[in-house]
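One structure is given here, and the rest of the page talks about it.
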Amino acid sequence: MADTLHFEAWSCPLPLRNYPRIVLGHGGGGKLSEELIENLFLPAFRNPALETLGDASVVELPAGRVALTTDSFVVRPLLFPGGSIGELAVNGTVNDLAMCGARPLYLTAGFILEEGLELSLLAEVIERMAAAARSADVQIVAGDTKVVEKGHGDGIFINTAGVGVVPPGLVLGPACARPGDKVIVSGTLGDHGVAVMSVRSGLQFETAIRSDCAALHGLTAAMLQVEGAVHAMRDPTRGGLAATLNEIARASRVGVMLEETAIPVDRQVQAACELLGLDPLQVANEGKLVAIVEGGRAAEVLTRMQAHPLGRQAAIVGEVTAARPGLVAARTALGAIRAIPLPLGEQLPRIC
């Protein structure tokens with residue numbers, strides 16, 4: 001959209017054409033705000049609920065329990081190989097709903113824009129965000145825009161909230177892991193964090209490392225067809241697999257033993273992590289999930305995952321144990337056991 005943003009084609013009067021960058025007036029609730037909404041946000045996100053432009057939207061919900069989530073996105077840079085802050089905002093929120101077994105339906109979006117932001121860049125982010133919503137079959141039904149002074153916002157921050165519906169009787173959660181369960185990951189780990197970091201650091205690889213940014217609700221729906229087999233699902237974003245499994249181990253009062261050689265990591269991502277001194281198990285992902293699955297039915301769930309485009313590289317990487325409650329460990333290629341602690345902080349800040 002950045003290449004096709006022609007102000008002369010906009011239906012608004014002259015003022016926006018004189019402002020190719022965001023100014024404070026775009027967040028003031030007046031004419032400039034109106035023009036920004038009517039010529040950028042509404043055409044991208046158009047749906048009946050949003051078009052009312054009221055203080056709230058009224059939507060229909062099917063039968064079932066309602067799942068709610070909220071998230072904020074502050075990634076830098078705004079555009080990166082395989083995605084953008086707009087796609088992250090949609091897919092990240094959709095995935096949070098999917099991890100509790102919900103079918104995502106509606107999103108809201110709040111934009112904090114920095115004075116001086118190029119409208120063409122904002123337009124590209126909005127177009128990508130709208131495309132991600134269409135792909136995930138969710139509607140953005142409400143939103144808000146604020147503008148902060150130059151130097152106080154770093155381009156764009158996005159806050160989203162999501163609503164979905166959970167089927168009756170389905171209960172998933174980090175406290176539901178049981179000894180004997182298997183640990184499954186849906187694909188290679190660390191792709192998103194390394195893709196973002198490679199852009200910041202100017203790293204060159206044989207082929208470009210791309211973010212795995214994707215909406216996972218189709219994959220989770222396929223997994224849940226194996227009724228009662230899945231006990232917990234999480235998307236390992238900040239803190240990666242290490243943080244996710246530590247949270248599950250503590251919530252369920254169980255141990256987790258991983259087989260390090262079974263964990264899928266792209267060769268170039270592994271090389272980048274070694275170069276940067278990172279542990280791929282602690283690097284963020286935006287299109288992968290971790291599932292805790294009943295041991296006797298794990299193979300069936302794995303087959304369902306591998307039949308889905310987003311789960312082709314899924315693998316069983318470990319087991320839940322009764323020993324050492326709250327501890328996550330991994331057996332290395334040499335047969336040694338190493339602890340996988342909860343990360344102290346973020347290895348890669350501002351990656352989602």
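Coordinate-derived values only; no laboratory data. Please read these numbers as outputs of a predicted model, since none were measured by experiment. Ideal geometry is used to build each Cβ from the backbone, glycine not excepted, and the neighbour counts take in all protein chains shown.
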Exercise. Shape call for region 213-344 from the C-alpha gyration tensor, a ≥ b ≥ c root eigenvalues: rounded (a/c under 1.5), prolate (a/b greater than b/c) or oblate?
Worked result: oblate
For this session: Just name one of LEU189, GLY169, ALA215: the one whose Cα is farthest towards the positive end of the charge dipole of region 169-269 (beta-carbon charges, Lys/Arg +1, Asp/Glu -1).
Result: GLY169
For this session: With a/c under 1.5 counting as rounded, go ahead and sort region 82-235 into rounded, prolate or oblate using the C-alpha gyration tensor (a ≥ b ≥ c being the square roots of the eigenvalues; past the cut-off, prolate if a/b is larger than b/c, else oblate).
Result: oblate
Seminar exercise, completed: Among region 87-131, those whose backbone N falls under 15 Å of a label point 7 Å along Cα→Cβ from LEU24 are 113-117
Problem set entry | Computed [θ] at 222 nm, deg cm²/dmol, the chain (DSSP H ≥ 4; -39,500 (n - 2.57); rounded to nearest 500) | -8000 deg cm²/dmol
Exercise. On a 0 to 90 degree scale, rounded to 10, what angle separates helix 267-276 from the longest Cα axis of the chain?
Worked result: 80
For this session: Return the Cα extents of the chain along principal axes one, two and three, sorted largest first, each rounded to a whole Å.
Result: 69, 50, 32
Exercise. On full extension of the chain, what length is gained from LEU342 through GLU259, given 0.36 nm per residue of separation minus the C-alpha to C-alpha distance?
Worked result: 28.1 nm
Seminar exercise, completed: Rounded to the nearest 10 degrees, the helix 85-98 long axis (Cα) sits at an angle to the longest Cα principal axis of the chain of 50
Exercise. How much length is gained if the chain between ASP137 and ALA271 is pulled fully straight, taking 0.36 nm per residue apart and subtracting their Cα-Cα distance, in nm to one decimal?
Worked result: 44.6 nm
For this session: Using label points projected 7 Å from each Cα along Cα→Cβ, tell me how many nm separate ARG331 and GLU51, to one decimal.
Result: 6.0
Exercise. Using a basic spin-label model with each label point 7 Å from the Cα along Cα→Cβ, how many nm lie between VAL171 and LEU68?
Worked result: 2.2
Exercise. According to the square roots a ≥ b ≥ c of the eigenvalues of the Cα gyration tensor, what is the shape class of region 13-98, taking rounded for a/c under 1.5, prolate for a/b larger than b/c otherwise, and oblate for the remainder?
Worked result: oblate
For this session: Set the Förster radius R0 to 41 Å, insert the Cβ-Cβ distance between ARG76 and THR303 as r into 1/(1 + (r/R0)^6), and round the FRET efficiency to 0.05.
Result: 0.55
